[in-house]
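Reviewing the structure listed below.
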Amino acid sequence: MKLRRHTSPTFDWSALKARFSGRFGSRLWLIAVGGLVGAFFLGYMLAALVIFPAPIFASDKAVPRVIGLDTETARAAIQTAGLNTGDVSAVNHPSAPRGEIVWQDPPPGVAVPERSTVTIEVSNGPQRVPVPDLSGYDVGLARTLLESAGLQVGNLESTQAPLPKDVVIVTRPPAGTSLTPESRVTLVVSLGAPTIVVPDLTGLSLDHARIELEKAGLRMGTYFARTSFTGVPGTIIEQDPGAGTLSAPTTAVNVVLARRSQ
(Lines give C-alpha, C1' and ligand atoms only; values in the text may rest on other atoms or scores of the structure.)
Protein backbone atom coordinates (compact mmCIF):
# COMPACT_ATOMS: atom_id res chain seq x y z
CA MET A 1 0.00 0.00 0.00
CA LYS A 2 1.45 3.24 -1.09
CA LEU A 3 1.22 6.36 0.98
CA ARG A 4 0.80 9.66 -0.81
CA ARG A 5 1.90 12.87 0.76
CA HIS A 6 -0.87 15.44 1.01
CA THR A 7 0.15 18.91 -0.18
CA SER A 8 -1.76 22.03 -1.06
CA PRO A 9 -2.35 22.80 -4.78
CA THR A 10 0.69 24.19 -6.57
CA PHE A 11 0.80 28.09 -6.64
CA ASP A 12 1.12 29.68 -10.14
CA TRP A 13 4.14 31.88 -9.56
CA SER A 14 4.54 32.75 -13.24
CA ALA A 15 1.05 34.25 -13.49
CA LEU A 16 1.59 36.30 -10.34
CA LYS A 17 4.88 37.54 -11.60
CA ALA A 18 3.38 38.58 -14.95
CA ARG A 19 0.49 40.35 -13.20
CA PHE A 20 2.79 42.07 -10.76
CA SER A 21 5.24 43.01 -13.45
CA GLY A 22 2.49 44.54 -15.63
CA ARG A 23 1.10 46.76 -12.88
CA PHE A 24 4.51 47.77 -11.63
CA GLY A 25 5.71 48.56 -15.17
CA SER A 26 2.66 50.73 -15.86
CA ARG A 27 3.23 52.67 -12.68
CA LEU A 28 6.86 53.18 -13.55
CA TRP A 29 5.87 54.43 -17.00
CA LEU A 30 3.32 56.84 -15.56
CA ILE A 31 5.84 58.11 -13.03
CA ALA A 32 8.46 58.62 -15.74
CA VAL A 33 6.08 60.50 -18.07
CA GLY A 34 4.81 62.63 -15.23
CA GLY A 35 8.35 63.49 -14.25
CA LEU A 36 9.22 64.56 -17.79
CA VAL A 37 6.13 66.75 -18.09
CA GLY A 38 6.80 68.33 -14.73
CA ALA A 39 10.42 69.00 -15.62
CA PHE A 40 9.40 70.63 -18.93
CA PHE A 41 6.80 72.82 -17.26
CA LEU A 42 9.24 73.82 -14.53
CA GLY A 43 11.86 74.69 -17.15
CA TYR A 44 9.38 76.76 -19.18
CA MET A 45 8.28 78.69 -16.11
CA LEU A 46 11.89 79.33 -15.17
CA ALA A 47 12.70 80.63 -18.65
CA ALA A 48 9.50 82.70 -18.99
CA LEU A 49 9.56 84.29 -15.55
CA VAL A 50 13.26 84.54 -14.73
CA ILE A 51 15.50 84.30 -17.78
CA PHE A 52 13.20 85.85 -20.43
CA PRO A 53 10.38 87.64 -18.59
CA ALA A 54 7.29 87.75 -20.82
CA PRO A 55 3.57 87.09 -20.58
CA ILE A 56 2.77 83.38 -20.62
CA PHE A 57 -0.22 83.90 -22.85
CA ALA A 58 0.52 86.79 -25.23
CA SER A 59 -2.45 88.33 -27.05
CA ASP A 60 -2.30 89.46 -30.68
CA LYS A 61 -2.64 93.17 -31.49
CA ALA A 62 -3.61 94.83 -34.78
CA VAL A 63 -0.96 97.19 -36.11
CA PRO A 64 -2.47 100.69 -36.52
CA ARG A 65 -1.99 102.74 -39.67
CA VAL A 66 0.47 105.55 -38.95
CA ILE A 67 1.46 106.51 -42.51
CA GLY A 68 0.64 110.17 -43.04
CA LEU A 69 0.91 111.06 -39.34
CA ASP A 70 3.63 113.05 -37.65
CA THR A 71 6.16 111.22 -35.46
CA GLU A 72 4.65 112.07 -32.07
CA THR A 73 1.11 111.12 -33.12
CA ALA A 74 2.40 107.88 -34.67
CA ARG A 75 4.27 106.92 -31.47
CA ALA A 76 1.15 107.56 -29.40
CA ALA A 77 -1.01 105.43 -31.72
CA ILE A 78 1.46 102.54 -31.62
CA GLN A 79 1.72 102.62 -27.83
CA THR A 80 -2.07 102.80 -27.47
CA ALA A 81 -2.31 99.64 -29.57
CA GLY A 82 -0.04 97.83 -27.09
CA LEU A 83 2.99 97.84 -29.35
CA ASN A 84 6.45 99.41 -29.26
CA THR A 85 8.12 101.89 -31.62
CA GLY A 86 11.42 100.79 -33.11
CA ASP A 87 14.08 102.87 -34.80
CA VAL A 88 12.86 105.95 -36.69
CA SER A 89 14.86 106.72 -39.83
CA ALA A 90 14.55 109.76 -42.10
CA VAL A 91 14.31 109.49 -45.89
CA ASN A 92 13.81 111.92 -48.77
CA HIS A 93 10.35 111.80 -50.31
CA PRO A 94 9.23 113.45 -53.59
CA SER A 95 5.97 114.83 -52.16
CA ALA A 96 5.50 114.14 -48.42
CA PRO A 97 6.28 117.17 -46.23
CA ARG A 98 9.06 117.05 -43.67
CA GLY A 99 8.11 115.12 -40.50
CA GLU A 100 5.37 112.96 -42.06
CA ILE A 101 5.49 109.14 -41.71
CA VAL A 102 5.88 107.54 -45.17
CA TRP A 103 6.55 103.85 -44.32
CA GLN A 104 5.92 101.33 -41.55
CA ASP A 105 6.74 97.69 -40.83
CA PRO A 106 4.66 95.61 -40.09
CA PRO A 107 2.04 97.13 -42.41
CA PRO A 108 -1.34 98.37 -41.10
CA GLY A 109 -3.91 95.80 -40.01
CA VAL A 110 -1.47 92.91 -39.46
CA ALA A 111 -1.99 90.98 -36.18
CA VAL A 112 1.20 90.69 -34.14
CA PRO A 113 1.98 89.65 -30.55
CA GLU A 114 1.58 92.28 -27.89
CA ARG A 115 4.63 94.53 -27.40
CA SER A 116 5.93 93.77 -30.88
CA THR A 117 8.06 96.48 -32.47
CA VAL A 118 6.80 98.70 -35.29
CA THR A 119 9.52 100.34 -37.39
CA ILE A 120 8.67 103.64 -39.09
CA GLU A 121 10.31 106.01 -41.59
CA VAL A 122 9.74 109.76 -41.57
CA SER A 123 10.02 112.11 -44.55
CA ASN A 124 12.86 114.58 -44.76
CA GLY A 125 10.79 116.42 -47.34
CA PRO A 126 11.42 116.50 -51.08
CA GLN A 127 15.03 116.59 -52.15
CA ARG A 128 16.15 120.20 -52.57
CA VAL A 129 17.46 121.46 -55.91
CA PRO A 130 19.99 124.33 -56.03
CA VAL A 131 19.30 127.06 -58.59
CA PRO A 132 22.10 126.90 -61.21
CA ASP A 133 24.12 129.97 -62.15
CA LEU A 134 22.63 131.00 -65.50
CA SER A 135 24.16 134.48 -65.84
CA GLY A 136 25.69 135.03 -69.28
CA TYR A 137 23.64 132.31 -70.98
CA ASP A 138 21.17 132.87 -73.79
CA VAL A 139 17.53 132.58 -72.68
CA GLY A 140 16.96 129.36 -74.65
CA LEU A 141 20.01 127.60 -73.21
CA ALA A 142 19.23 128.92 -69.72
CA ARG A 143 15.74 127.41 -69.94
CA THR A 144 17.19 124.04 -70.95
CA LEU A 145 19.72 124.06 -68.11
CA LEU A 146 17.06 125.05 -65.58
CA GLU A 147 14.69 122.28 -66.64
CA SER A 148 17.53 119.76 -66.64
CA ALA A 149 18.12 120.65 -62.99
CA GLY A 150 14.49 119.83 -62.19
CA LEU A 151 13.18 123.42 -62.05
CA GLN A 152 10.89 125.50 -64.28
CA VAL A 153 11.14 128.95 -65.87
CA GLY A 154 8.71 131.40 -64.30
CA ASN A 155 8.55 135.02 -65.45
CA LEU A 156 10.89 136.69 -67.93
CA GLU A 157 11.92 140.23 -66.93
CA SER A 158 13.93 142.58 -69.12
CA THR A 159 16.26 145.42 -68.22
CA GLN A 160 19.06 147.41 -69.77
CA ALA A 161 22.50 145.96 -69.24
CA PRO A 162 25.91 146.03 -70.97
CA LEU A 163 25.21 142.55 -72.34
CA PRO A 164 23.87 141.31 -75.67
CA LYS A 165 20.11 141.18 -76.03
CA ASP A 166 18.28 138.17 -74.47
CA VAL A 167 21.24 137.14 -72.32
CA VAL A 168 20.44 136.22 -68.71
CA ILE A 169 21.69 138.79 -66.21
CA VAL A 170 20.51 137.18 -62.97
CA THR A 171 17.89 134.80 -61.61
CA ARG A 172 15.29 135.29 -58.89
CA PRO A 173 15.86 133.63 -56.47
CA PRO A 174 19.62 133.89 -56.97
CA ALA A 175 21.94 131.03 -57.94
CA GLY A 176 22.62 128.55 -55.17
CA THR A 177 19.21 128.87 -53.51
CA SER A 178 17.75 125.45 -52.63
CA LEU A 179 14.23 124.89 -53.96
CA THR A 180 11.82 121.97 -54.16
CA PRO A 181 11.67 120.18 -57.53
CA GLU A 182 9.57 121.87 -60.24
CA SER A 183 9.78 125.27 -58.51
CA ARG A 184 9.66 128.30 -60.83
CA VAL A 185 12.59 130.65 -61.29
CA THR A 186 12.38 134.14 -62.81
CA LEU A 187 14.97 135.01 -65.47
CA VAL A 188 16.09 138.63 -65.75
CA VAL A 189 17.43 139.13 -69.28
CA SER A 190 19.24 141.97 -71.00
CA LEU A 191 17.58 144.33 -73.43
CA GLY A 192 21.01 144.98 -74.85
CA ALA A 193 23.59 147.65 -74.21
CA PRO A 194 22.23 151.22 -73.92
CA THR A 195 23.61 152.55 -77.20
CA ILE A 196 20.55 154.25 -78.75
CA VAL A 197 19.94 157.94 -78.07
CA VAL A 198 16.29 158.52 -77.20
CA PRO A 199 14.86 161.18 -79.54
CA ASP A 200 13.06 164.27 -78.26
CA LEU A 201 9.32 163.63 -78.60
CA THR A 202 8.11 166.91 -77.06
CA GLY A 203 5.42 168.56 -79.19
CA LEU A 204 4.84 165.51 -81.40
CA SER A 205 1.54 163.71 -81.74
CA LEU A 206 1.27 160.16 -80.52
CA ASP A 207 1.40 158.67 -84.02
CA HIS A 208 4.34 160.83 -85.07
CA ALA A 209 6.23 159.94 -81.86
CA ARG A 210 5.65 156.24 -82.45
CA ILE A 211 7.19 156.51 -85.94
CA GLU A 212 10.25 158.34 -84.60
CA LEU A 213 10.80 155.72 -81.89
CA GLU A 214 10.54 152.81 -84.33
CA LYS A 215 13.06 154.45 -86.65
CA ALA A 216 15.47 154.76 -83.71
CA GLY A 217 15.03 151.09 -82.75
CA LEU A 218 12.83 151.86 -79.74
CA ARG A 219 9.12 151.41 -79.11
CA MET A 220 6.17 153.28 -77.66
CA GLY A 221 5.35 152.40 -74.04
CA THR A 222 2.44 153.60 -71.93
CA TYR A 223 0.74 156.95 -72.47
CA PHE A 224 -1.97 159.05 -70.83
CA ALA A 225 -3.31 162.62 -71.01
CA ARG A 226 -2.94 165.36 -68.40
CA THR A 227 -4.33 168.84 -68.22
CA SER A 228 -1.76 171.35 -69.43
CA PHE A 229 -1.85 175.15 -69.90
CA THR A 230 1.25 175.23 -72.11
CA GLY A 231 1.25 172.24 -74.45
CA VAL A 232 -0.95 171.88 -77.50
CA PRO A 233 -3.73 169.42 -76.70
CA GLY A 234 -2.92 165.96 -78.11
CA THR A 235 0.84 166.51 -78.22
CA ILE A 236 3.55 165.08 -75.96
CA ILE A 237 4.64 167.23 -73.01
CA GLU A 238 6.72 164.63 -71.07
CA GLN A 239 8.63 161.42 -71.83
CA ASP A 240 10.54 158.71 -69.93
CA PRO A 241 13.39 158.01 -70.63
CA GLY A 242 14.13 161.62 -71.39
CA ALA A 243 15.49 162.95 -74.66
CA GLY A 244 19.21 162.21 -75.15
CA THR A 245 19.24 159.22 -72.78
CA LEU A 246 21.16 156.16 -73.96
CA SER A 247 18.85 153.16 -74.14
CA ALA A 248 19.03 149.59 -75.33
CA PRO A 249 17.28 148.42 -78.51
CA THR A 250 13.48 147.96 -78.19
CA THR A 251 13.39 149.97 -74.95
CA ALA A 252 9.87 151.30 -74.26
CA VAL A 253 9.47 155.08 -73.96
CA ASN A 254 6.50 156.25 -71.89
CA VAL A 255 4.86 159.60 -72.71
CA VAL A 256 2.32 162.10 -71.34
CA LEU A 257 -0.04 163.98 -73.67
CA ALA A 258 -1.44 167.46 -73.09
CA ARG A 259 -5.15 167.81 -72.47
CA ARG A 260 -7.20 171.00 -72.77
CA SER A 261 -8.29 172.35 -69.42
CA GLN A 262 -12.03 172.33 -68.69
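Please identify the chymotrypsin sites (Phe, Trp or Tyr not before Pro) of the stretch 192-262 that satisfy two criteria: DSSP loop assignment and at most 13 other Cβ atoms within 10 Å. Which are they?
Phe229
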Seminar exercise, completed: Within the under-14-Å Cβ sphere about Pro181, not counting Pro181, Lys/Arg +1 and Asp/Glu -1 give a net charge of 0
For this session: Would you pull out the residues with amide H under 5 Å of Leu179's amide H, same chain only if 5 or more places away, H placed 1.01 Å from N?
Result: Val129, Val131
Seminar exercise, completed: For Glu238, the accessible surface traced by a 1.4 Å probe with all protein chains present amounts, in square angstrom to the nearest 10, to 80 Å²
Exercise. How many nm separate the modelled label positions at Asn84 and Lys215, each set 7 Å beyond the Cα in the direction of the Cβ?
Worked result: 9.1 nm
Seminar exercise, completed: Mean shadow area (nm²) of the C-alpha convex hull around the stretch 105-157 is 6.4 nm²
Seminar exercise, completed: Counting only DSSP beta bridges with both partners in the stretch 169-262, the antiparallel fraction in percent, to the nearest 5, comes to 60 percent
Exercise. Residues of the stretch 74-112 with amide nitrogen under 15 Å from the 7 Å Cα-to-Cβ point of Thr180?
Worked result: 92-101
Problem set entry | Amide proton proximity set for Leu218, modelled H, under 5 Å, gap of 5+ | Thr250
For this session: With label points built 7 Å along Cα→Cβ from the Cα atoms of Leu156 and Thr222, find their separation and express it in nm.
Result: 2.2 nm
Exercise. With a sphere of radius 14 Å drawn around the Cβ of Ser190, what net charge do the other residues whose Cβ falls strictly inside it have (Lys, Arg +1; Asp, Glu -1)?
Worked result: -2
Exercise. In Å, the Kirkwood hydrodynamic radius of the stretch 136-262 over pairs of distinct alpha carbons?
Worked result: 16.6 Å
Exercise. So what's the gap between the Cα centers of the stretch 61-120 and the stretch 161-184, to the nearest angstrom?
Worked result: 41 Å
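Based on alpha-carbon positions alone, could you give the equivalent ellipsoid semi-axes of the stretch 134-187 from the gyration tensor, as √(5λ), descending, whole Å? Each step should come with its number before you reach the end.
Working: eigenvalues 74, 24, 16 Å².
Listed largest to smallest, the semi-axes of the stretch 134-187 are 19, 11, 9 Å.
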Seminar exercise, completed: Distance in nm between Asp105 and Leu206 label points, each 7 Å along Cα→Cβ, equals 7.2 nm
Seminar exercise, completed: Counting only residues 5 or more apart in sequence or on a different chain, those whose built amide H sits under 5 Å from that of Ala90 are Val122
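The values are calculated or read from the model by the stated rules, or taken from the named source; none is laboratory data. What you are looking at is a predicted structure, and each value in this text was computed from that prediction instead of being measured. Here Cβ is always computed from backbone atoms with ideal geometry, including for glycine, and neighbour counts include all displayed protein chains. Accessible surface is based on the protein model in full, side chains and every heavy atom, while ligands, DNA and RNA are left aside. Shrake-Rupley method; radii C 1.70, N 1.55, O 1.52, S 1.80 Å.
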